[in-house]
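Heads up, the thing below is written out as structure tokens.
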Amino acid sequence: MDNKQRSYVPALGHERLTFLYDPLMRWILRESTFKRRLVEQARIQPGHRILDLGCGTGTLTLLIKKTHPDVDVVGLDADSGVLTLARAKATRNGLNILLNLGRASALPYPDNSFDRVLSSLLLHHLSQENKRRALQEVFRVLRPGGELHIADWGKPESKLLRAAFLLVQVLNGFASTADNVNGLLPMFFTEAGFREVRQTASYATVFGTLVLLQARKSA
């Protein structure tokens with residue numbers, strides 16, 4: 001089944017590459033650096049309820065729970081295979097985390113369910129229509145004053161980084177990644193109703209420019 005027919009795009013674009021995802025993130029993409037920064041900027045407070053949207057193999061989900069053991073953490077992904085890996089990692093670490101199967105464009109949660117939504121390297125997998133739907137859904141499930149914090153590919157900061165991003169586009173599709181490379185994500189946040197939208201950091205990687213973004217739902 002090709003990416004146009006799928007309801008989701010697997011990690012690295014193909015299910016047969018999923019086993020490489022965690023080593024690649026750990027060794028090449030400075031995962032521990034940018035994910036810790038993402039958790040820090042979210043300013044999570046005791047008693048908060050947190051959604052890790054597109055949680056994948058659960059690395060960010062586990063990091064949130066380890067850093068803030070007094071919060072309720074939920075992970076959601078459309079790929080049952082990576083959720084199996086995430087559940088195994090949570091069990092090995094003795095962490096109580098709820099992991100749900102579902103799509104970002106149709107979140108299975110009531111309005112005003114979460115204080116923070118965090119997401120890492122999800123949006124570039126989605127079509128422009130589903131990016132917009134996902135952000136609208138995030139806005140819906142966030143409580144007033146809640147915040148969205150995202151790490152994903154952004155507009156390349158040099159010609160070299162633009163060339164590096166071509167591999168990501170080959171793996172994940174040129175249509176879904178065009179919004180990222182054109183720097184359109186902040187505009188989509190604003191269209192969904194978010195305020196105080198800003199880029200907080202950028203990282204030059206072997207696959208292109210990775211950016212951190214944050215936004216707030218008005219109280």
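Where a number appears in this text, it was derived from the coordinates with a stated rule and is not lab data. Note that the coordinates shown come from a computational prediction; the quantities given were computed from them, not determined experimentally. Here the Cβ is made from the backbone with ideal geometry for all residues, glycine too, and neighbour counts use every protein chain on show.
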Dipole of the chain, positive end: most advanced residue of Leu126, Gly94, Ser80 [Cβ charges, Cα centre]
Gly94
In sequence order, calculated HN-Hα J values of segment 127-144 (Karplus, 6.51, -1.76, 1.60; Hz; x Gly/Pro)
5, 4, 4, 6, 4, 5, 4, 4, 5, 5, 5, 4, 4, 5, 7, 6, 6, x
Label points 7 Å out from Cα along the Cβ direction at Asn96 and Lys159: separation in nm?
5.7
Any idea what the dipole of segment 56-182 comes to, in debye rounded to 20, about its Cα centre with Lys/Arg Cβ at +1 and Asp/Glu Cβ at -1?
240
Estimated FRET transfer efficiency (Gln136, Gln45; beta-carbon r; R0 22 Å; 0.05)
0.30
Given 0.36 nm per residue, what is the gain on full extension from Ala204 to Leu166 after removing their alpha carbon distance, in nm?
12.2 nm
Using only DSSP helix segments of four residues or longer, with each worth -39500 (n - 2.57), what per-residue ellipticity at 222 nm results for the chain after dividing by its residue count and rounding to 500?
-10500 deg cm²/dmol
Past 26 Å, Cα to Cα: identify those pairs from Lys66/Lys131; Lys131/Lys217; Lys65/Lys217, in the order given.
Lys66/Lys131
Given charges of +1 on the Cβ of Lys and Arg and -1 on the Cβ of Asp and Glu, with all other atoms neutral, how large is the dipole of the chain about its Cα centre, in debye to the nearest 20?
260
Which one of Met187, Ser158, Asn112 is farthest out on the positive end of the charge dipole of segment 92-194, using unit charges on Cβ (Lys, Arg +1; Asp, Glu -1) and the Cα centre as origin?
Ser158
Read-out percent of Cα pairs over 32 Å apart, derived from the coordinates shown; its label in (i) 9; (ii) 14; (iii) 35:
(i)
